[in-house]
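Just below is one structure, and these are the notes that go with it.
Nothing in this text is a laboratory measurement; each read-out follows from the coordinates by a stated rule. This one's a predicted model, so the numbers in the text were calculated from it and none came from an experiment. Every residue, glycine as well, gets a Cβ built from its backbone with ideal geometry; the counts of neighbours run over all protein chains shown.
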Amino acid sequence: QKIFVGDQVLRIVTKDMEQVTLLKDLEELENLELDFWKGPTHPDFPTDVHVPFASLQAVKVFLESNNIQYSIMIEDLQSVVEEEKIQIIRSRS
Amino acid sequence: IEQMRNTDSFNYASYHTLDEIYNWMDVLVSEQSNLVSKINIGSTFENRPIYVLKFSTGGTKRPAIWIDTGIHSREWVTQASGIWMAKKIATDYGKDAFITSILNEMDIFIEIVTNPDGFHFTHTKNRMWRKTRSINSGSSCVGVDPNRNWDAGFGGAGASSNPCSETYRGPRANSESEVKSIVDFVKSHGNIKAFISIHSYSQMLLYPYGYTKTPAPNQQELHSLARKAIDALSSLYGTSYRYGSIINTIYQASGGTIDWTYNQGIKYSYTFELRDTGRYGFILPANQIIPTAQETWLAITTIMEHTYNNPY
């Protein structure tokens, strides 16, 4: 079973189309294995991206060096998935 | 498998496996065989059956409303909402004047698990799986995004040709049996008047087109109906939604479901993005299933009512 320990989901807020383009470039970098839950479209709309633990530093450095604002939407994806599993087991019993 | 004696004992405020959902369908059909039947419209890449619940009071190929949930398997709140809505229809028939009058003249089809292979995979191997599970020749990456696989601007911008991408469009339109099964069903039925495809998350109600900036010929009507539907939805818990055409509201996306259905002549083609706004994403806590389904139901009944009152 795939686990997501240490993976985070970042909510990214862009201020202009230039930053949106930068995020689109980021999306193309396959080696980072990013999963865009909500893709970069327009400065009015936030982008949500699931970042594997191994790529976290690279992504955060990229965002910070380009002055792109972000917040952590999900701190540890695996813990949220685990919580969901527990809820399902509880409801069954 | 959670065994149940009847559909009242089912926990609608929890997420369930594919087997549990299929079992629940059978119980619902056995409880209300005069109203509900189960149709097998095809099978998946991994050979699972694809079921649609048909709510009908008789007649053949009556004007119909189609609802599907969970074409992107990880969007669990959508399948859960589909279950709740199916139960709601079954319960309300004969008690609620609106549902009764609709069903006396129209049929309702609900496909609760539109991507069964993917859904099973989310429960067993990878909670975050979105695509189908078909094998892509020449690639180690599995699956096609079934919402980029329809024959509507297929292969255009807003879909990927890379099998490893989450928006991989597939080798050709309708390559995915999960898509082809619906295509065949819709074409052979020929009298579907509203088609509602439900996704999550980000709180939007969208209408065609996604693959082109050219406005849909019925854009004005679709827009005003969307506003009405969202007003109804928001009236329950104040949830705010955006609405508009796919391309103008989110982004260009080719090969999408409702662009194809609209091009087939199904005027009232809509797609929802349910809760949430950005705390949980695809892992929306189960205690939000019922509120989500309830508010969405208000929007859906608005679309149903408009379809019922405006035959074409």
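Restricting attention to segment B:220-247 and to residues that are within 21 Å of the chain's Cα centre (by Cα) and polar (S, T, N, Q), the residue that is nearest to A:GLY39 (Cα to Cα) turns out to be B:SER245. Of the residues that make up segment A:39-54, is at least one out of contact with any Pro (no Cβ under 9 Å at 6 or more places or on another chain) and more than 25 Å from B:ALA159 (Cα to Cα)? Yes, that holds for at least one residue. Taking the listed residues B:THR57, B:THR69, B:THR44, B:THR17, the one that is surrounded by 15 or more Cβ atoms within 10 Å (Cβ to Cβ) and within 14 Å of another protein chain (Cβ to nearest Cβ) is B:THR17, with no other qualifying. Selection of segment B:94-133 for residues being surrounded by fewer than 23 Cβ atoms within 10 Å (Cβ to Cβ), within 14 Å of chain A (Cβ to nearest Cβ) and among the hydroxyl-bearing types (Ser, Thr, Tyr) yields only B:THR124. Residue check: is B:THR78 under 17 Å from B:SER14 (Cα atoms) and within 14 Å of chain A (Cβ to nearest Cβ)? No: the conditions fail for B:THR78. Please verify whether segment B:228-243 includes one or more residues that are touching a strand residue (DSSP E or B) at 6+ places or on another chain (Cβ under 7 Å), of a type in the set (A, V, I, L, M, F, W, C) and buried (at least 20 other Cβ atoms within 10 Å of the Cβ). Within segment B:228-243, one or more residues are touching a strand residue (DSSP E or B) at 6+ places or on another chain (Cβ under 7 Å), of a type in the set (A, V, I, L, M, F, W, C) and buried (at least 20 other Cβ atoms within 10 Å of the Cβ). Out of the residues in segment A:1-26 that are surrounded by fewer than 18 Cβ atoms within 10 Å (Cβ to Cβ) and within 11 Å of chain B (Cβ to nearest Cβ), which is farthest from B:ARG275 (Cα to Cα)? The qualifying residue farthest from B:ARG275 (Cα to Cα) is A:GLN1. Scanning segment B:247-301 for residues that are more than 30 Å from A:GLN8 (Cβ to Cβ) and in a strand (DSSP E or B), we see that the one that is farthest from the other protein chains (Cβ to nearest Cβ) is B:TYR268. Residues to consider are B:TYR211, B:TYR207, B:TYR201; find the one that is surrounded by 24 or more Cβ atoms within 10 Å (Cβ to Cβ), among the aromatic types (Phe, Trp, Tyr) and over 17 Å from the mean Cα position of the chain (by Cα). None of the others qualify; the one that does is B:TYR211. Total residues in segment A:27-45 satisfying the condition of being more than 10 Å from every other protein chain (Cβ to nearest Cβ) and within 19 Å of A:PHE4 (Cβ to Cβ): the figure is 2.
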